[in-house]
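K.L.:
What follows is a single structure, and I will ask about it in a moment.
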Amino acid sequence: MAKRRFIAPPRDAIDPAVFDHPVFAGYRAHRDWFTTPGWPGVDALNARMPLATHRFIVQDDHLLDDGLHYETRIAAGRVATREGNWHDLFNAAVWCRYPALKQAFNARQCAHIATMGPRDRNRAQYALTQFDEAGVVVRLRDPALLPLWDRHDWRALFLDHAEAWRSGDIAIAAVVGHALLEIALVPALFMVGKCLVVQGDHDDACVDLVAEAIREGHACNDPLELRPLPLAGIPGWYPGQDAGFYETAECFQPVRAGRVYPGALGVDPA
């Protein structure tokens, strides 16, 4: 059976307390965009756009008549944004918080479009889209935790090594997927991020390294590079995290036979 497309709740149905969840921690400066009674317009979004080269513009029929690909239009400095839309509002927040990363996505997508045309898509484009929509940058200090993740030993990764999450030996450096933020509007849903891992100590530096790796073509070349991470497993991110939870909740899937994940970025290959 095909998965049902997620439809976000109406704005007035969202309890502002939802935005206290750690998944939104990187967007505290934009909390008013999410919690005020009315939707912010593009002028309000542009007031916080850190790039002088880019503007949010209303996506309407008149705009779409230009016939440009969405990514091509962004390369020209115009980020098409639907008004009154959670998905596009979170996209705007990611643009404002992590502009270098969003520019890296766009540059790579445009390079592929220039080679293949606007209709065909290769595996790198699928990877870029998945990370753009559901991406999470995970910061890692203790590489011994990666083998647990490699084999989807969720109980060991989250429960047995809960202290590693509390101490910062492994942590969420950034949630950059705007579709993932949209799903987080419904706390009962199990969010699963598509992750790139960086060995490092500072969140923003890790995000910058991911942006550089994407821009240079060293990351997001295939969807299989992205590690699934059930965010509900992170200590304190979901209620009822006992041993049974990690064994029965549907988000904790076993690893597929033959699946091999890449190591962490930021590690000297020598």
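K.L.:
For E216 and H202 in one chain, what is 0.36 nm times their gap in residues minus the Cα-Cα distance, to one decimal in nm?
P.N.:
Here the answer is 2.9 nm.
K.L.:
What are the ³J(HN,Hα) couplings of segment 71-85, residue after residue, when phi is run through the Karplus curve with 6.51, -1.76, 1.60 and θ = phi - 60°? Round to Hz, x for glycine and proline.
P.N.:
Calculated HN-Hα couplings, in order: 6, 5, 5, 4, 4, 8, x, 10, 9, 5, 9, 6, 6, x, 9 Hz.
K.L.:
Can you give me the Cα centroid spacing of segment 95-152 and segment 175-237 in angstrom?
P.N.:
9 Å
K.L.:
Of the listed values (i) 240; (ii) 127; (iii) 154, grab the one calculated as volume of the Cα convex hull per residue in Å³ from the structure here.
P.N.:
The value computed from this structure is option (iii).
K.L.:
Evaluate E = 1/(1 + (r/R0)^6) for A144 and A13, where r is the Cβ-Cβ distance and R0 equals 45 Å; express this FRET efficiency to the nearest 0.05.
P.N.:
Efficiency, from the Cβ-Cβ distance: 0.55.
K.L.:
Express in nm, to one decimal, how much length is gained between A111 and A243 on full extension, taking 0.36 nm for each residue of separation and deducting their alpha carbon distance.
P.N.:
42.9 nm
K.L.:
Moving on to the next point. Quick one: compute the contact order of the chain, relative version, from alpha carbon pairs under 8 angstrom and 6+ residues apart, as a percent.
P.N.:
RCO, the chain: 21 percent.
Since every read-out is calculated from the coordinates, none of them should be taken as a lab result. Here the structure is a predicted model, which means the values were calculated and not measured. So basically every Cβ, Gly included, is an ideal-geometry build from the backbone, and we count neighbours across all protein chains shown.
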